[in-house]
1. For Asn156, all conditions in the list (1) among the polar types (S, T, N, Q); (2) within 18 Å of Ser48 (Cβ to Cβ); (3) modelled with pLDDT of 95 or more hold save one; what is the number of the exception?
2. Can you find a residue that is touching a strand residue (DSSP E or B) at 6+ places or on another chain (Cβ under 7 Å), within 20 Å of Ile49 (Cα to Cα) and hydroxyl-bearing (Ser, Thr, Tyr) anywhere in the stretch 131-140?
3. Out of all the residues in the stretch 111-129, which are of a type outside the set (A, V, I, L, M) and open to solvent by 50 Å² or more (accessible area, probe 1.4 Å)?
4. Name every residue in the stretch 120-172 that is within 20 Å of Ser61 (Cα to Cα) and of a type in the set (Ser, Thr, Tyr), in order of residue number.
5. It is to be established whether one or more residues within the stretch 90-110 are over 11 Å from the mean Cα position of the chain (by Cα), closer than 19 Å to Tyr130 by Cβ, open to solvent by less than 60 Å² (accessible area, probe 1.4 Å) and touching a residue at least 12 places away in the same chain (Cβ under 8 Å).
6. What residue, of Ser48, Ser69, Ser52, Ser61, is touching a residue at least 12 places away in the same chain (Cβ under 8 Å) and either farther than 21 Å from Arg171 by Cβ or open to solvent by 20 Å² or more (accessible area, probe 1.4 Å) (or both)?
7. Are any residues in the stretch 54-83 more than 14 Å from Ile119 (Cβ to Cβ) and in a helix (DSSP H, G or I), and if so, which ones?
8. Of all residues being assigned to a strand (DSSP E or B) and under 22 Å from Ala70 (Cα atoms) in the stretch 140-172, which is nearest to the chain's Cα centre (by Cα)? Just the residue, please.
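The values are calculated or read from the model by the stated rules, or taken from the named source; none is laboratory data. Predicted, not measured: the structure shown is a model, and the values here were computed from it. Every residue, glycine among them, receives a Cβ derived from its backbone with ideal geometry; neighbour counts consider all protein chains shown. In case anyone asks, the SASA skips ligands and DNA or RNA and just uses the protein heavy atoms, side chains included. Shrake-Rupley method; radii C 1.70, N 1.55, O 1.52, S 1.80 Å.
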Amino acid sequence: MRRRFAPPAVRLALACTLVLAGCGGPSSSFRAPSADIDCMARAMYFESIRSSRDGMIAVGSVVMNRVDSAAFPNSVCGVVSQKNQFAPGVMTKRMDSRSAPLARAAAQAVLAGERHPDIAQAMFFHAATYRAGFNNIHYVLTTGGNAFYERRRPQNVTNPRPLPPREGITRG
């Protein structure tokens, strides 16, 4: 006996309805898929000073900016696992059990809609101690051991050097 399936357009409409039915915007009751939480927590854990919530939220904000950009994969795990973009082993190394809960909580907050207010549209960061020799880097924040920046036309760069570190900005 042959099974009949709904046409692709009907399946897509049903999937969208189910997704949207569970979305009410950012709230403390929002629950992201566990894969997204894991991927986001891994990026935060391996890319920031693990005790800096601001650093973790800033990393998460960059990940979400990339998800929203056509220049990067359109999923959290796609962005985090993109080759040569995040720390080596970000998807495979083990997270320390003492710091992992902070990273998971920060990941859940970002996936529920929290963003670092100073990140704006930044999609890039590097270690705060690294000195990049490019003329198109506009720095917006230094926190959690990283300097966050936007790429701009050289004539539009007003902060060409990493800013002084700032902590204690995000809630939590």
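1. (2)
2. Within the stretch 131-140 (the criterion being touching a strand residue (DSSP E or B) at 6+ places or on another chain (Cβ under 7 Å), within 20 Å of Ile49 (Cα to Cα) and hydroxyl-bearing (Ser, Thr, Tyr)), the answer is yes, since at least one residue qualifies.
3. Of the stretch 111-129, the ones of a type outside the set (A, V, I, L, M) are 113-118, 121, 124-126, 129.
Selection gives Arg115, Pro117, Gln121, Thr129.
4. Taking the stretch 120-172 as the starting set, the residues that turn out to be within 20 Å of Ser61 (Cα to Cα) are 120-128, 137-152, 159, 162-172.
Matches in the stretch 120-172: Tyr139, Thr142, Thr143, Tyr149, Thr170.
5. Within the stretch 90-110, one or more residues are over 11 Å from the mean Cα position of the chain (by Cα), closer than 19 Å to Tyr130 by Cβ, open to solvent by less than 60 Å² (accessible area, probe 1.4 Å) and touching a residue at least 12 places away in the same chain (Cβ under 8 Å).
6. On the way: Ser48 fails: either farther than 21 Å from Arg171 by Cβ or open to solvent by 20 Å² or more (accessible area, probe 1.4 Å) (or both); Ser52 fails: either farther than 21 Å from Arg171 by Cβ or open to solvent by 20 Å² or more (accessible area, probe 1.4 Å) (or both); Ser61 fails: either farther than 21 Å from Arg171 by Cβ or open to solvent by 20 Å² or more (accessible area, probe 1.4 Å) (or both).
The match here is Ser69.
7. First pass over the stretch 54-83, keeping only residues more than 14 Å from Ile119 (Cβ to Cβ): 70-83.
Within the stretch 54-83, Val76, Cys77, Gly78, Val79, Val80 qualify.
8. First pass over the stretch 140-172, keeping only residues assigned to a strand (DSSP E or B): 140-143, 146-151.
Going one step further and asking which of them are under 22 Å from Ala70 (Cα atoms), we end up with 140, 148-151.
Values: Val140: 16, Phe148: 12, Tyr149: 14, Glu150: 15, Arg151: 17 Å.
Only one residue tops the list, namely Phe148.
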